[in-house]
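Take a look at the structure set out below.
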Amino acid sequence: MIIQKTREEIELMRESALIVSKTLGMIAREIKPGVTTLYLDKLAETFIRDHGAEPSFLGLYGFPNSLCMSPNAQVVHGIPNNRALEHGDVISVDCGAYKNGFHGDHAYSFEIGEVAPEVKKLLQVTKESLYVGIREFKIGNRVEDVGNAIQKYTESHGYGVVRELVGHGLGKKMHEDPEMPNYGKRGRGKLFVEGMVVAIEPMINMGTKNIKQLKDGWTILTADGKPSAHFEHDVAIINGKPELLSTFKYVYEALGIESNEEEEFKNIFD
């Protein structure tokens, strides 16, 4: 069942989402060769708690940490550890924060040092596909309209779209209806309604769409060992159109990137 949110509830969700956005911005300033993912995880937990929230992922379904950190061929759900990041790595950092009864949940894939051009392109196309999908999240459309747009865009570049893992509704629970796949056929799935809030999150592989899971029960890898990219935003339907609750603004400030990609989904960042 889709749980529609009131304007007041959406503003509370925006607050949770922005805590995640600011956490990712803090991580952007700290992430570099030689740093371990476990160190970054501890920084994130402290940062989230210092902002009056709780880490959404810590203990969720038994997950042991506050961040999912998935480098290179890891797609998602990587467990932070003592391995130091190296030049040329790419890593998805997925973060959640719970405040005022609502969750925020979004992700950014970072380059560590200088990455290979083909990997840089994978990240660029995956992030572009996120906004391609968000444009379809509006009144009159259905769930698979979003997935179809993401699938067509990324497959046109020769990439594999993960099938087993999907985006999701978001609210008082981390995972609500509907599931938001990154593939599909136009005109299928649940109809979008005013006040919906979802996490849209393309998970795109350089090679095959197929994946496998490590024995730790969490970490998802590409089946062919090629890199994967992952970007995620929290989005609400307000006045029939998609509006971002999360932002990469703080990541871009930390990395010195100028971008107007979020302008069409204007929201109140501060």
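Here are some notes:
- Within region 132-182, the residues that satisfy the criterion of being in contact with a Leu (Cβ under 7 Å, 6 or more places away or on another chain) and in contact (Cβ under 8 Å) with a residue 60 or more places away in the chain are Met174, Glu176.
- Cross-chain or 6+ apart pairs with Cβ under 7 Å, region 60-75 first and at positive phi, then assigned to a strand (DSSP E or B): Asn72/Val90
- Highlighted here are the strands (runs of 3 or more DSSP E) found entirely within region 182-234 that include at least 2 residues which are of a type in the set (A, V, I, L, M, F, W, C) and either touching a Gly at 6+ places or on another chain (Cβ under 9 Å) or on the phi < 0 side of the Ramachandran plot (or both): 197-200, 203-205, 220-222.
- Residue check, Leu191 of a type in the set (A, V, I, L, M, F, W, C), within 28 Å of Ile238 (Cβ to Cβ) and open to solvent by 40 Å² or more (accessible area, probe 1.4 Å): yes
- Number of residues in region 235-249 that are on the phi > 0 side of the Ramachandran plot and open to solvent by 30 Å² or more (accessible area, probe 1.4 Å): the value is 1.
- Across region 36-52, not a single residue is classified as touching a Ser or Thr at 6+ places or on another chain (Cβ under 9 Å) and on the phi > 0 side of the Ramachandran plot.
- Cross-chain or 6+ apart pairs with Cβ under 8 Å, region 250-270 first and over 23 Å from Glu11 (Cβ atoms) and open to solvent by 40 Å² or more (accessible area, probe 1.4 Å), then among the aliphatic types (A, V, I, L, M) and at pLDDT 95 or above: Leu255/Ala28; Ile257/Val251
- Matching option when the condition is under 16 Å from Lys226 (Cα atoms), at pLDDT 95 or above, touching a Lys or Arg at 6+ places or on another chain (Cβ under 8 Å) and open to solvent by 10 Å² or more (accessible area, probe 1.4 Å), among Glu111, Glu118: Glu111
- Here Ser16 meets the list (1) within 20 Å of the chain's Cα centre (by Cα); (2) closer than 27 Å to Asp216 by Cα; (3) of a type in the set (Ser, Thr, Tyr) almost entirely, failing just condition (2).
- Hits in region 12-52 (condition: open to solvent by 30 Å² or more (accessible area, probe 1.4 Å), part of a helix (DSSP H, G or I) and more than 21 Å from Gly113 (Cα to Cα)): Leu12, Glu15, Lys22, Lys42, Glu45, Thr46, Phe47, Arg49, Asp50
- Selection within region 236-254: residues that are within 20 Å of Cys68 (Cβ to Cβ) and not in a loop (DSSP other than H, G, I, E, B). The member of this set that is farthest from the chain's Cα centre (by Cα) is Ala254.
- Of the residues screened, Lys212 is one that is free of Cβ contacts under 8 Å to residues at least 24 places away in the same chain, of a type in the set (D, E, K, R) and surrounded by fewer than 24 Cβ atoms within 10 Å (Cβ to Cβ).
- Selected residue [open to solvent by less than 40 Å² (accessible area, probe 1.4 Å), closer than 23 Å to Cys95 by Cα and among the charged types (D, E, K, R)] from Glu144, Glu201, Glu164: Glu201
- Of all the listed residues (Ser129, Ser156), the sole one being of a type in the set (Ser, Thr, Tyr) and more than 14 Å from the chain's Cα centre (by Cα) is Ser156.
The values are calculated or read from the model by the stated rules, or taken from the named source; none is laboratory data. Bear in mind the structure is a predicted one, so any value in this text is a computation, not a measurement. As a convention, Cβ positions derive from the backbone with ideal geometry for all residues, glycine included, and neighbour counts pool all protein chains shown. Just so you know, the surface numbers come from the protein's heavy atoms only, side chains and all, with ligands and any DNA or RNA stripped out. Shrake-Rupley method; radii C 1.70, N 1.55, O 1.52, S 1.80 Å.
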